[in-house]
Structure formats: structure tokens, C-alpha cells
Amino acid sequence: MFGFGKKEDKAPEKRLADLQRKKDWAGVSRTYYELGVAAMDAGDLHKAQRWLQRADTIYSADDNIYDKVGEKLMDDCSDRIGRLEDGDGLAGQNIPGVVDLIVFEKYRRKKIATMLLDAAENIAKQHCNKIYLDVCLNNDYGPAQRFYIKRGYITDGKGVYYKHQFTTFEIS
């Protein structure tokens with residue numbers, strides 16, 4: 001069979017890298033959503049929750065992105081996050097988390113991330129003594145990594161995402 005006018009789709013992870021380079025945040029959000037749905041369908045609820053929360057964070061950050069992503073996708077994403085939090089997701093383990101604390105570049109250095117993380121930590125303290133933090137390990141996230149270290153966060157080696165899968169390792 002022949003297909004006309006449409007290229008073969010890249011794997012979501014490769015598409016995600018291309019969209020991030022192009023700063024197509026609506027596309028990034030949709031791809032995170034697709035990865036979350038696929039992980040949920042495969043039964044990997046931990047990974048599903050992380051991908052879906054990333055999608056939610058991005059489309060909620062800006063009205064233009066919100067409009068481009070579309071209400072149907074956003075509603076489904078929110079519903080899935082709710083189901084995961086009610087069941088076997090991270091919240092089911094009583095470990096609240098911060099996933100993708102993003103402050104747009106023009107608003108950085110104004111204590112916004114500090115205020116957001118303070119609020120998240122205060123909410124977490126009401127329920128437990130741990131908080132889960134998700135931050136990329138590559139060089140582009142150096143300022144975020146330094147921010148978390150200054151706040152006393154340490155890498156525990158759990159939940160590291162490497163070569164398109166979660167990996168754990170011992171830190172010596």
C-alpha cells in the first residue's frame with residue numbers, strides 16, 4: 001500500500017527532542033501526553049504519571065499553549081492524572097512530588113521558583129516528611145540543579161531516566 005503526503009512519524013522520544021529544540025511547547029505537551037497514555041496502557045503507572053504531569057505543567061503555563069493543545073486532550077490528561085493519583089501513582093505511595101517546576105526565562109531571578117517550591121514543600125509537610133523532585137540531569141538544567149542543591153536536595157539515584165527508560169544506580 002502506498003501513502004502519499006505524510007512522512008512516517010518518528011518515535012515519540014525523538015519527536016520530543018526535535019520539538020524542544022524548536023521550542024514548540026504545544027507539541028512537547030502533546031508528545032508528553034502520548035508517552036503518558038502509552039505508559040499507562042502498558043501498565044507502567046509511575047512513568048505514566050510523570051509524563052502526564054509534564055504535559056499538564058506545560059499546557060497550563062501559557063494561554064497560547066493551552067489554546068493550541070486543545071481542551072479535549074487537556075481534559076483527558078487531567079482525568080488520567082486523577083486516576084493515577086487515586087490509585088497506584090506516586091501519590092498512592094504517599095510521596096508528593098514536584099515535576100517540572102518551570103519559570104519562563106524572562107521571569108527568572110525574581111524568586112518565583114523559590115516561592116513555588118516553598119508552597120509545595122509546605123503542603124508536603126502537612127502529609128509526610130519526604131518530597132519527590134524531578135529534574136533533568138543534562139547540562140541545560142544546570143541552573144535548576146544548582147537551585148535544588150542550594151535548597152538541600154540531594155540525588156538519591158532513584159528514578160533516573162536514561163536512554164528512554166528509568167534506571168537506578170548506587171551513588172558512592
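The values are calculated or read from the model by the stated rules, or taken from the named source; none is laboratory data. Everything numeric here is computed off the predicted structure, so don't read it as measured data. Virtual Cβ from ideal backbone geometry, glycine too; neighbours counted across all protein chains shown.
Each residue in the range 144-162 was checked for being under 19 Å from Arg21 (Cβ atoms) and either over 17 Å from the mean Cα position of the chain (by Cα) or at pLDDT below 70 (or both), and 1 of them qualify. Scanning the range 15-61 for residues that are surrounded by 18 or more Cβ atoms within 10 Å (Cβ to Cβ) and either polar (S, T, N, Q) or touching a residue at least 60 places away in the same chain (Cβ under 8 Å) (or both) yields Ser29, Thr31, Lys47, Gln49, Arg50, Gln53.
Residue-by-condition table, conditions (1) at pLDDT 70 or above; (2) in a helix (DSSP H, G or I); (3) surrounded by 15 or more Cβ atoms within 10 Å (Cβ to Cβ):
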position	(1), (2), (3)
Ile81	yes, yes, yes
Leu84	yes, yes, yes
Gly89	no, no, yes
Gly92	no, yes, no
Val98	yes, no, yes
Leu101	yes, no, yes
Arg109	yes, no, no
Thr114	yes, yes, no
Ala119	yes, yes, no
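Within the range 15-57, work out how many residues are under 14 Å from Asp79 (Cα atoms) and either aromatic (Phe, Trp, Tyr) or assigned to a loop (DSSP other than H, G, I, E, B) (or both). Residues in the range 15-57 being under 14 Å from Asp79 (Cα atoms) and either aromatic (Phe, Trp, Tyr) or assigned to a loop (DSSP other than H, G, I, E, B) (or both): 2 in total.
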